[in-house]
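For reference, the structure discussed in these notes is given below.
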């Protein structure tokens, strides 16, 4: 049988089994769909939403009034909606229930006093569940703002006291303090500028979907290769037992299986990528290295699972081995951080296939740092080379030896 | 008597099934290790610093960053830092600009630090937030101090006193808290995900569920051998037999939970939460065992159901407040009620209903799928 006919035959066996293909593609499909549905509300908010939010300011201090105005008009918040002053909490809650307001920020009485004396004080943000996402943005923005800002204000007050002791006229002193408050506030609303970024309040505080998407792609494309293992284990038991193969035939069989397996894994990407792209998680900023990265990934996973299937005598045992190896890859490649590992072990863990795959996929999809790609390609190529060589060797031995 | 012998023989068989028993064994070992040694694990993210500034403020900034509990800062020169970054040993490298001190002393906070990050870790976001906070803290202190000096003349002692006071203020806990409050639903519903996530017991719960599901291989074997067909031909239902045979899996998983719960500082109420959770798992076992024809499909579907339970219920990761509909859907996942138990919230009635739902779903699927019929190949 010529190699191409063999390949066609193998693809028919693997992909032709509708139920197996359905299962192999159903798992990544469900996983990405779940991921997208969880993160979509927050993600779509980045592109601009408009909400009406009320502010109940029970603090009489002028500075807090001015601060609220500035906060409402800041670039960070104004892109999400418009602020409306509300007289009291009850009216605000009623407006939310009537659908006139989307959420309500409540600044309590004696807020300024508590801030200055560093007593615990709580700003409440009321919202209906349908606006939970916007609330999260507002809450994060407010929290970032007050973490350093609140403390800085206390220091301004301390400096003000010193000025008073030194006999600075009251008017000049208050003017200076007010100027400082504003400058501190402007710094907080443009905090990304510290890193040279033109961003909102908390540039790093948002959900890092890029990483999670890379994790989902990696794990579930590996699971999609499980049918390859099952079929290979079954072949070892049945087809190879029926007839002896010469070395060349066995090797041809092996590569046909490797390629058909890769095709199945590739199909899982064909399922996952459009869902993620359709939901706006991928916006077409692919690095040119993306396609080679995907191809190397599918080859690596396919060769890994073929190799594992050759270690077992029964298809079910092969499946268990693959399951434990996959769990090991996830635990040591994703869940346990490098820093928790003894020196030396962490270096070995970097070669576990799933880690370079996550790195390659995230960095080539979002094209942030090309500098990392070379090292990841090297690691994944070495892994693929080892699994392929061992797999081919075992395939030949088992094919001849029966 | 007959039921007892079926149960005992199945119990012995479960203890001899090394492949699936390894799941629960690893779950117990890892969870106990996590419960005992979890707090000692160094889970800090590595961030590599390149200090291009020779001023005093960059040194102060690095010292502040080194106190960050979530970060491990290593100081390197530019070449070494880039090499580490390229090799994937650090998620981010930050360059303290050569004019860092000068800019801060002049009251500017823009572009103080250069930041290179990759997308394949969560560590860079943690580092970026800490870097911004510490820079703004130093900037605020310098800015206020220099403003003060333009207004009044301060003795060396007063200057030192000012900086000491600044250290005290910034060293204290942030006093302002921003609290989201949902209208039209209970507030605790929003925060329930925070309690037990990441704990040893939660992780054990995730793995134990998978163990119970994957244990339904006996249903596939029995169906293939025609046992259920023979039972139903005699006019009796196969459901009690399947339940009896599944019970040892639940008991083994429950036995594993006992030491983990107590090592994690849990109480007897948690045992009840775990019992309800695992009985719901038995319902899942019936469901999966009824629809799967071979181990491959069982592994796939077990992953989907056990993984879905782990994510949606919040056992694996706390779902953000804005996940909307998932906050309602999660109520039918047993993990939600286990998590409530782990968080010290009321769980019993909800957990009981959820368990009943899963058991009914399992038994109904089993009946509808015609367990007594032998599947054609």
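Among A:359, A:368, which is within 7 Å of another protein chain (Cβ to nearest Cβ), within 20 Å of the chain's Cα centre (by Cα) and either in a helix (DSSP H, G or I) or modelled with pLDDT of 85 or more (or both)? The conditions single out A:359.
The residues in segment A:4-25 that are within 20 Å of residue B:300 (Cβ to Cβ) and either away from every other protein chain (no Cβ under 12 Å) or surrounded by 18 or more Cβ atoms within 10 Å (Cβ to Cβ) (or both) can be counted, and the count is 9.
Which residue out of B:28, B:6 is buried (at least 16 other Cβ atoms within 10 Å of the Cβ) and modelled with pLDDT of 75 or more?
On the way: B:6 fails: buried (at least 16 other Cβ atoms within 10 Å of the Cβ).
Every option except B:28 fails the conditions.
As a summary of the residue check, residue A:182 satisfies the conditions (1) at pLDDT 70 or above; (2) within 7 Å of chain B (Cβ to nearest Cβ); (3) closer than 22 Å to residue A:106 by Cα except for the one numbered (2).
Residue A:159 satisfies every condition listed in (1) at pLDDT 85 or above; (2) at positive phi except (2).
Which members of segment B:84-107 meet the condition of being under 32 Å from the mean Cα position of the chain (by Cα) and assigned to a helix (DSSP H, G or I)? Lay out the reasoning, then the answer.
The first filter runs over segment B:84-107 and keeps only residues under 32 Å from the mean Cα position of the chain (by Cα), leaving B:84-94.
Matches in segment B:84-107: B:84, B:85, B:86.
Screening residue B:145 on (1) in contact (Cβ under 8 Å) with a residue 12 or more places away in the chain; (2) facing chain A (nearest Cβ under 10 Å); (3) part of a helix (DSSP H, G or I); (4) buried (at least 21 other Cβ atoms within 10 Å of the Cβ) shows it passes everything except condition (4).
Table: residues versus (1) modelled with pLDDT under 90; (2) more than 20 Å from the chain's Cα centre (by Cα); (3) in a helix (DSSP H, G or I).
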position	(1), (2), (3)
A:187	yes, yes, yes
A:193	yes, yes, yes
A:199	yes, no, no
A:206	yes, no, no
A:212	yes, no, yes
A:219	no, no, yes
A:222	no, no, yes
A:227	yes, yes, yes
A:235	yes, yes, yes
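Within segment A:38-52, is there a residue that is within 26 Å of residue A:276 (Cβ to Cβ) and at pLDDT 75 or above? There is at least one residue in segment A:38-52 that is within 26 Å of residue A:276 (Cβ to Cβ) and at pLDDT 75 or above.
Kindly evaluate residue B:279 against the criterion of being under 20 Å from residue B:7 (Cβ atoms), in contact with a helix residue (DSSP H, G or I) (Cβ under 6 Å, 6 or more places away or on another chain) and in a helix (DSSP H, G or I). If you could, list the steps in order and put the result at the bottom.
Values: under 20 Å from residue B:7 (Cβ atoms): yes; in contact with a helix residue (DSSP H, G or I) (Cβ under 6 Å, 6 or more places away or on another chain): yes; in a helix (DSSP H, G or I): yes.
Answer is yes for this residue.
Residues in segment B:57-76 that are touching a strand residue (DSSP E or B) at 6+ places or on another chain (Cβ under 8 Å), outside any strand (DSSP E or B) and touching a residue at least 24 places away in the same chain (Cβ under 8 Å): B:58, B:61, B:62, B:65, B:70, B:76.
Consider segment B:108-132 and keep the residues that are free of Cβ contacts under 8 Å to residues at least 40 places away in the same chain and assigned to a loop (DSSP other than H, G, I, E, B). The one that is farthest from the other protein chains (Cβ to nearest Cβ) is B:108. Listed by first and then second residue, the pairs linking a residue in segment A:379-402 that is closer than 14 Å to residue A:301 by Cα to a residue that is surrounded by fewer than 18 Cβ atoms within 10 Å (Cβ to Cβ) and modelled with pLDDT of 85 or more, with Cβ atoms under 6 Å apart and 6 or more places separating them unless they lie on different chains, are A:379/A:351. One residue stands out in segment A:371-381 among those that are under 21 Å from the mean Cα position of the chain (by Cα) and within 9 Å of chain B (Cβ to nearest Cβ): the one that is modelled with the highest pLDDT, namely A:376. Does segment A:339-347 contain at least one residue that is surrounded by 15 or more Cβ atoms within 10 Å (Cβ to Cβ), under 24 Å from the mean Cα position of the chain (by Cα), touching a residue at least 12 places away in the same chain (Cβ under 8 Å) and not in a helix (DSSP H, G or I)? Checked against the condition, which is being surrounded by 15 or more Cβ atoms within 10 Å (Cβ to Cβ), under 24 Å from the mean Cα position of the chain (by Cα), touching a residue at least 12 places away in the same chain (Cβ under 8 Å) and not in a helix (DSSP H, G or I), segment A:339-347 yields no hits at all. In segment B:93-105, the condition of being more than 7 Å from every other protein chain (Cβ to nearest Cβ) and free of Cβ contacts under 8 Å to residues at least 40 places away in the same chain is met by at least one residue.
This table checks each residue for (1) in contact with a helix residue (DSSP H, G or I) (Cβ under 7 Å, 6 or more places away or on another chain); (2) crowded, with 22+ Cβ neighbours inside 10 Å; (3) modelled with pLDDT under 90; (4) facing another protein chain (nearest Cβ under 7 Å).
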site: B:291; (1), (2), (3), (4): yes, no, yes, no
site: B:299; (1), (2), (3), (4): yes, yes, yes, yes
site: B:311; (1), (2), (3), (4): yes, no, yes, yes
site: B:326; (1), (2), (3), (4): yes, no, yes, yes
site: B:330; (1), (2), (3), (4): yes, yes, yes, no
site: B:333; (1), (2), (3), (4): yes, yes, no, no
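The values are calculated or read from the model by the stated rules, or taken from the named source; none is laboratory data. Here the structure is a predicted model, which is why all the values come from computation and not from measurement. Counting neighbours? That spans all protein chains shown, and the Cβs are built from the backbone with ideal geometry, glycine included.
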